[in-house]
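Report on one structure; see the data block that follows.
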Amino acid sequence: MFCVRVLGGFMLEDAVGSMEPSLTRPRAQAALAVLAVCGHLGCTRDRLRGLLWQERNEEQARHGLRDTLYAIRGALGSDALAGQGDSLRLQGSVVESDVGRFLEALREGRAEEAVDLYTGDLLEGFHLQGALEFQHWVDAERGRLLRERQRAVSGLARKAEREERWAAAADWWKRAVEMDPYNGRLVVRRLTALTRAGDRGNAVQEGEAHRALLATELDLEPDEAFLEVLATIRRGGGGPVQFFTPPPAGPAGDRG
């Protein structure tokens, strides 16, 4: 059993968990990454050619894909890829992926496990020269997976809030902020949970750090709602949850 890891970069592991060095061609790695993200739905050969050989003519693209699939099967075995018509997918009994496990955990409601499986952004640091369509695909899929991760984290944080487990809620909101550090609404949820957990000092400190981050990195000041929350926490007033009601989460979770 091989494992394709695409969250946080690209790595191919063999059955004992060591890096598999026999597949070094960047386009073969890119093709594996695409198939891993597509999962059981698979990807057509035409789509793979368009993503990885956009700059080549049709004959060159077909030849490139044939060579790439040959290299993948040579490294992982002849049964690594399953095909039906023009579609290709990874054979789950031979090759699994971290992104597949992440999405499966989400589908089955195992949000905490899914968050732990998300070890970094899709193909972070991976570049394929001369494949602009592939980079567009990576950017779009990276954003989609990040939104899925943030929804899971926000859901876990809200569950902890409902159960008044404020320290746990603060930890979950911290993880959300780490992935979206300029998002004032996420920061407010973190400050609120810290305050309700009895850690007003760190709430004030993190609020000021967020204010400094916006000023330094974006030359911006937080909005009035954020400043009001921070001032109330600093004064030691009643629990911020009582006066800050966030809007319903949109497609990307809490935004602001």
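We did not get these values from a lab; they are worked out from the coordinates using the rules stated. Only a predicted model underlies this, so the values are computations on that prediction, with no experimental measurement involved. Every residue, glycine as well, gets a Cβ built from its backbone with ideal geometry; the counts of neighbours run over all protein chains shown.
Numbers below:
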read-out	value
3J(HN,Hα) from dihedral phi, region 48-65, Karplus parametrisation 6.51/-1.76/1.60, rounded to Hz, x for glycine, proline	4, 4, x, 6, 9, 9, 4, 7, 9, 6, 4, 5, 5, 5, 5, 5, x, 5
Relative contact order for the chain, counting Cα pairs under 8 Å that sit 6 or more residues apart, in percent	16
Under-5 Å amide H pairs with SER97, H placed in peptide plane, nonlocal only	VAL4
Residue among LEU12, ALA114, ASN202 farthest towards the positive dipole end of the chain, charges placed on Cβ	ALA114
Mean separation of Cα contacts under 8 Å, 6 or more apart, over the residue count of region 1-137: relative contact order %	36
Stretch gain in nm, segment ARG234-ASN57, where the contour uses 0.36 nm per residue and the Cα spacing is subtracted	57.3 nm
Karplus (6.51, -1.76, 1.60) ³J(HN,Hα), θ = phi - 60°, over region 106-113, in Hz, Gly and Pro reported as x	5, 4, 8, x, 9, 5, 5, 5
Length-normalised contact order for region 91-220 - Cα pairs under 8 Å, 6+ apart - percent	15
Sequence-distant residues sharing a close amide H with LEU81 (under 5 Å, placed H)	GLN91
Ratio Rg/Rh [Cα only; Rh per Kirkwood] for region 159-207	0.94
Estimated vicinal HN-Hα couplings, Hz - region 187-204 in sequence order (Karplus 6.51, -1.76, 1.60; Gly, Pro = x)	4, 4, 4, 5, 5, 4, 5, 4, 5, 5, 7, x, 10, 5, x, 5, 4, 5
Label point distance in nm, LYS159-VAL94, each placed 7 Å from Cα along Cα→Cβ	3.7
Shape category assigned to region 98-243 from the gyration tensor of Cα positions, a/c cut at 1.5	oblate
Kirkwood Rh, Cα atoms: Rg over Rh of the chain	1.09
